[in-house]
Ligand SMILES: CC(C)(COP(=O)(O)OP(=O)(O)OC[C@H]1O[C@@H](n2cnc3c(N)ncnc32)[C@H](O)[C@@H]1OP(=O)(O)O)[C@@H](O)C(=O)NCCC(=O)NCCS
């Protein structure tokens, strides 16, 4: 009986640490796996490169390449902050999918987590990925994202208590992230600000990071009223964008869905927030896609 095309011996596959020289291949594999045309989306590829470099610097022991018969076929990057592990990237070259590379990369990445770490993954719609995460003990919480542009006339009057924050606020904002997801976002917020993100803070009640013209990067608040106020300000700051302005809204976060609908945005379901252990309440909260 002949073997199916993707049934290859597992021994042909190796997983090794990522090196700086692997960045071009990392981006090639990621673009192919997520069906992004690198030629047409040079800005996205540039952002992905800086993201991959950021993690390679901060978590060099949690970035991996899968190799089969001398070819690089897959990539994974994870990060650990305090007692929280997050998977940032898992992608396999489409020609090599369904042959075990994703599972091998995921297992190697997950092994970087300490046994009592909480764990978060902002997951795509890929059924193979959801299988890997679900069978590894992650709870799969489906998420919504927005489409369309904000109806500016629907925006409420600005709340004077919301102000722009900067580097000197980061220590205080860290406490909010710890309450919500068990670890500070500080290191990633510094990265995001270098990428053009701006911080909005509502006293000690919550904060958001926003990339104007792009989207809400993340939001964490101590109560829903503050979260809703911050989201309105964030939407105004996002302005026009051709991508989802708000992503990864888990069920039960009416404050976020309501603000999005009132702002004239369309909601549709995409992906899942995958949760293992006890990172924190995770609401009111919009995670960062790559850094949760
Ligand atoms: C998700 C992805 C990384 C998985 O890697 P892969 O090498 O294709 O997956 P594997 O071959 O290791 O298979 C993973 C699991 O899915 C199962 N699987 C394989 N093909 C499948 C299919 N067509 N449908 C459903 N499950 C499938 C496998 O049996 C395996 O489960 P098992 O080990 O319990 O048997 C890869 O498919 C990919 O790059 N997808 C696009 C990018 C993406 O969405 N990444 C995830 C971001 S969160």
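What follows is calculated from the coordinates using simple rules that are stated; it is not laboratory data. Because the structure is predicted, anything quoted here is derived from the model rather than measured. Here the Cβ positions follow ideal geometry from the backbone for every residue, glycine too, while neighbour counts run over all protein chains shown.
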Problem set entry | Selected residue (criterion: nearest to the chain's Cα centre (by Cα)) from residues of the stretch 157-171 that are buried (at least 17 other Cβ atoms within 10 Å of the Cβ) and not in a helix (DSSP H, G or I) | 165
Exercise. Within the stretch 106-141, which residues are within 7 Å of the ligand (Cβ to nearest atom) and closer than 24 Å to residue 71 by Cα?
Worked result: 126, 128, 129, 132
Exercise. Hey, any hits in the stretch 149-156 for a residue that's touching a helix residue (DSSP H, G or I) at 6+ places or on another chain (Cβ under 8 Å), within 27 Å of residue 63 (Cα to Cα) and part of a helix (DSSP H, G or I)?
Worked result: no
Seminar exercise, completed: Per the filter on the stretch 105-117, residues in contact with a helix residue (DSSP H, G or I) (Cβ under 8 Å, 6 or more places away or on another chain) and under 24 Å from residue 180 (Cα atoms) are 109, 112
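Looking for whichever is within 17 Å of the chain's Cα centre (by Cα) and buried (at least 22 other Cβ atoms within 10 Å of the Cβ) here; the options are 235, 219. Which one fits?
On inspection, the qualifying residue turns out to be 219.
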Exercise. So residue 239 clears everything in (1) within 25 Å of residue 167 (Cβ to Cβ); (2) without any contact (Cβ under 8 Å) to a residue 40 or more places away in the chain except one condition, right? Which one?
Worked result: (2)
Exercise. Taking interchain pairs and intrachain pairs at least six residues apart, which have beta carbon atoms under 9 angstrom, with the first residue in the stretch 85-99 and within 14 Å of residue 290 (Cβ to Cβ) and the second near the ligand (Cβ under 6 Å from one of its atoms) and in a helix (DSSP H, G or I)?
Worked result: 90/33; 90/102; 90/129; 90/132; 91/33; 91/102
Problem set entry | Qualifying residues in the stretch 265-281 (those that are touching a helix residue (DSSP H, G or I) at 6+ places or on another chain (Cβ under 6 Å) and in a loop (DSSP other than H, G, I, E, B)) - the one surrounded by the most Cβ atoms within 10 Å (Cβ to Cβ) | 279
Seminar exercise, completed: Residues of the stretch 97-112 being closer than 13 Å to residue 76 by Cβ, in contact with a strand residue (DSSP E or B) (Cβ under 8 Å, 6 or more places away or on another chain) and part of a loop (DSSP other than H, G, I, E, B), in sequence order, are 112
